[in-house]
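Accompanying notes for the structure given below.
No value in this document is a laboratory result; all are computed from the given coordinates. Keep in mind that this is a model prediction, so the values were computed, not measured. Neighbour counts run over all protein chains shown; Cβ positions are idealised from the backbone, glycine included.
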Amino acid sequence: MAKAVLVVEDDESMQELYDAFFKIHKDEFSYHHASTAEIALTVLSENRIDAVVLDCGLPGMSGLDLLKKIRSNKSLGDPAVFMVTAKDTLEDCVLGLNAGADDYLSKPFEEEELLARLRCLLRRR
């Protein structure tokens, strides 16, 4: 059965990359997209999501604030949260992991690594 993945990303070029990536892996993942944290909260409340791929730099509510909402609101489920962001310092990574992210990957990234990390996160659930 395909695992449900929600990608929260506002950048159009990154979104095109995710669209192509999840089209290739459509037998393994069902794919949802949100361009804002507010839309993501709606998707999470209306669907069973296994993993969230989350950017930090979102318009309105930040990715970190969304992460904290996901972790504090059990009605949204308990998805794995994988931060994939341009914030690439050690401090950013530690902040994301300490806020409740299950994994952290800096942009740009290789698609093979994204796939391997997603599979690993979902295997643990």
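Annotation for segment 4-56: trypsin sites (Lys or Arg not before Pro) lying in DSSP loop with at most 14 further Cβ atoms inside 10 Å of their Cβ are LYS26, ARG48.
Computed from the alpha carbon atoms alone, the convex hull of segment 3-103 holds 88 Å³ per residue.
Take 99-107, 71-79, 51-59 and order them by the average number of nearby Cβ atoms within 10 Å per residue, most first; the result is 51-59, 99-107, 71-79. When the inverse distances between all different Cα atoms of segment 46-103 are averaged and flipped, the Kirkwood radius reads 11.6 angstrom. Phi angles across segment 6-13 convert, under the Karplus curve 6.51 cos²θ - 1.76 cosθ + 1.60 with θ = phi - 60°, into 3J(HN,Hα) values of 9, 9, 10, 8, 9, 6, 5, 5 Hz, Gly and Pro given as x.
In plain terms, the chain from ASP27 to SER13 could stretch by 2.7 nm, reckoned as 0.36 nm per residue minus the Cα-Cα distance.
Note on the chain: with a GNM built from Cα contacts shorter than 10 Å, the maximum mean-square fluctuation among PHE82, PHE29, PHE21 falls on PHE21. With one equal scatterer per alpha carbon and no solvent term, the Debye-computed log10 I(q)/I(0) for segment 80-125 at 0.17, 0.21, 0.29, 0.33 1/Å reads -0.46, -0.68, -1.09, -1.19. Measuring between their Cα centroids, segment 101-119 and segment 29-75 lie 17 Å from each other.
When only DSSP loop residues count, what GluC sites (Glu not before Pro) in segment 1-86 have their Cβ near at most 16 other Cβ atoms within 10 Å?
For GluC sites (Glu not before Pro) across segment 1-86 that sit outside H, G, I, E and B with at most 16 neighbouring Cβ atoms in 10 Å, the list reads GLU28.
The sum of -39500 (n - 2.57) across all DSSP H runs of n ≥ 4, divided by the residue count of the chain, sets its helix-only mean residue ellipticity at 222 nm to -13500 deg cm²/dmol.
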